[in-house]
Amino acid sequence: MNSSHDPEILGLPFYEDGHRRLAHQIGVWCDIYGDLWETVRRTHPDEAGRRLVQLLGEEGWLSGLDPDKTPHDLPADLRAVCLAREALAYAEDLADFAYSIQSLSATPIARFGDKEQQARYLPRMAAGTLIGAFAVSEMEAGSNVAAVGLTARRTGDGGHVLTGRKAWIAHATIADLFVVIARTGEGPGPLGLSAFLVPADTPGIHVEPVDAIAPRSFGHVRFEDCPVPDDALLGRRGRGFVVAMDLLERFRMTVGAAAVGFARRAADTALSHTRGREAYGGTLFDLQLVKAQLADMDIRLNAASLLVARAAWEADRGSRGFARHSGIAKVYATEAAQEIVDAAVQLSGAAGVVRGGTAERLYRQIRSLRIYEGATDVLRLALADGLDMRRADRGG
Ligand SMILES: Cc1cc2nc3c(=O)[nH]c(=O)nc-3n(C[C@H](O)[C@H](O)[C@H](O)COP(=O)(O)OP(=O)(O)OC[C@H]3O[C@@H](n4cnc5c(N)ncnc54)[C@H](O)[C@@H]3O)c2cc1C
């Protein structure tokens, strides 16, 4: 049995046998590729990203992105994405990043693209031969997606010209295709946005790499009068905000799943360190305060795993309220993971802050999960705003 998932949680009725098979297979696969994870950490993040997307595609782990291709005979729903992210994050941040950004950018095409757009891009995205990026954020429009300012001006032939900048885009430096949310002006704020499929070799695209706390392909993108044809429009005009929100609501719980993977790795690291570290005639593990911290880690891990499982189950069964559970799972799991990883660093002592060690690596890798795809504070605000309506639903 691999160590990336909790078998007791996998045994709960939230999951079906196909999910348990998938969790087992991807966990074993991650163990087999242990040497590769060491190698990619020493490789330039762009090269690592390309290699990992290609490998994930070749080995079939992205097959769920192409509705016509299911070689593993495994589920391709949100529970599957969550379980895959949990295993990959446990093994290596860059592997999870490659998987998640490829999934993030293919999903709007699968959900809003027409048959022709799906056939043009999804088979290659599933094969790992075409790398995608999802570009909504801008310097002046991060948490507030409705403020997107990059414009798409209509041309006489039905196409558009894109002008403006996107910021903080994952896989920006290696993407072949950008899914871009742009202002087309059908209405104010969120009502005036549309989504576009923009190949990275379109004239006028310039990418500026950004060095993040945990190395990865990441950057800002400038669109300088970029011409795109009429068939670049993804979904209906004026529905770009819906495309973005639909995606973020689905993927927030998967960020929670990745957080569980990082946190489980940290908890395992802390347990083995405290078991092995001699202190005061015994080991660190013998100290009651240390035991209390390890117990708290386990409690938080259980709660986070259950919230992620519940959110994914709600989404997969088509529950109308799944977005709330997705937000709850993301907030709890990412905040808990930050505390678990911090405790793992503390329990490792000086060894915990040495560059390249497991605890130090996790400490840098976990931080941005509390910011992207809905910062904790923004999601808390949205949850609070929904409380009155929920109380009314309960008849209170
Ligand atoms: C590693 C990483 C990868 C990313 N990848 C992508 C990507 O692939 N595509 C993409 O489009 N974007 C991406 N982003 C950008 C990300 O979505 C934004 O950083 C995020 O939405 C926050 O926007 P901001 O950075 O402008 O912060 P701001 O919106 O300025 O917010 C800063 C902080 O202010 C607080 N805050 C903001 N609004 C509220 C509110 N309403 N109530 C209470 N507090 C609030 C929060 O604490 C928040 O963290 C990525 C970011 C990171 C760090």
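The values are calculated or read from the model by the stated rules, or taken from the named source; none is laboratory data. What you see is a predicted model; the values in this text were computed from it and never measured. Note: ideal-geometry Cβ built from the backbone for every residue, glycine included; neighbour counts use all protein chains shown.
Tell me the helices (runs of 4 or more DSSP H) entirely within segment 345-396 that contain at least 1 residues that are touching an Asp or Glu at 6+ places or on another chain (Cβ under 7 Å), in contact (Cβ under 8 Å) with a residue 40 or more places away in the chain and surrounded by 13 or more Cβ atoms within 10 Å (Cβ to Cβ).
358-366, 376-385
Restricting Leu307, Leu284 to residues that are in contact with a Phe, Trp or Tyr (Cβ under 7 Å, 6 or more places away or on another chain) and among the hydrophobic types (A, V, I, L, M, F, W, C) narrows the list to Leu307. Please determine whether any residue of segment 360-374 is out of contact with any Lys or Arg (no Cβ under 9 Å at 6 or more places or on another chain) and of a type in the set (A, V, I, L, M). Checked against the condition, which is being out of contact with any Lys or Arg (no Cβ under 9 Å at 6 or more places or on another chain) and of a type in the set (A, V, I, L, M), segment 360-374 yields at least one hit.
May I ask you to verify whether Gly64 is over 14 Å from the mean Cα position of the chain (by Cα) and crowded, with 21+ Cβ neighbours inside 10 Å? For Gly64, the condition - over 14 Å from the mean Cα position of the chain (by Cα) and crowded, with 21+ Cβ neighbours inside 10 Å - is met.
Within segment 151-166, identify whether any single residue is aliphatic (A, V, I, L, M) and either under 19 Å from Arg250 (Cα atoms) or within 11 Å of the ligand (Cβ to nearest atom) (or both), and answer yes or no. Scanning segment 151-166, I find no residue that is aliphatic (A, V, I, L, M) and either under 19 Å from Arg250 (Cα atoms) or within 11 Å of the ligand (Cβ to nearest atom) (or both), so the answer is no. Checking each residue in segment 277-295 for being assigned to a helix (DSSP H, G or I), over 34 Å from the mean Cα position of the chain (by Cα) and more than 11 Å from Leu347 (Cα to Cα) picks out Asp286, Gln288. When the test is whether a residue is of a type outside the set (S, T, N, Q) and more than 16 Å from the ligand (Cβ to nearest atom), Gly356 passes it.
Each row is one residue, and each column tells you yes or no for (1) within 16 Å of the ligand (Cβ to nearest atom); (2) among the hydrophobic types (A, V, I, L, M, F, W, C).
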site	(1), (2)
Phe14	no, yes
Gln54	no, no
Pro67	no, no
Asp73	no, no
Ala76	no, yes
Asp96	yes, no
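Within the set Arg380, Arg361, the sole residue that is farther than 21 Å from Ala170 by Cα and at pLDDT 95 or above turns out to be Arg380. Has segment 314-329 got any residue that is under 15 Å from Ile366 (Cβ atoms) and touching a residue at least 40 places away in the same chain (Cβ under 8 Å)? No, segment 314-329 has no match at all. For the condition within 13 Å of the ligand (Cβ to nearest atom) and at pLDDT 95 or above, Phe178 qualifies.
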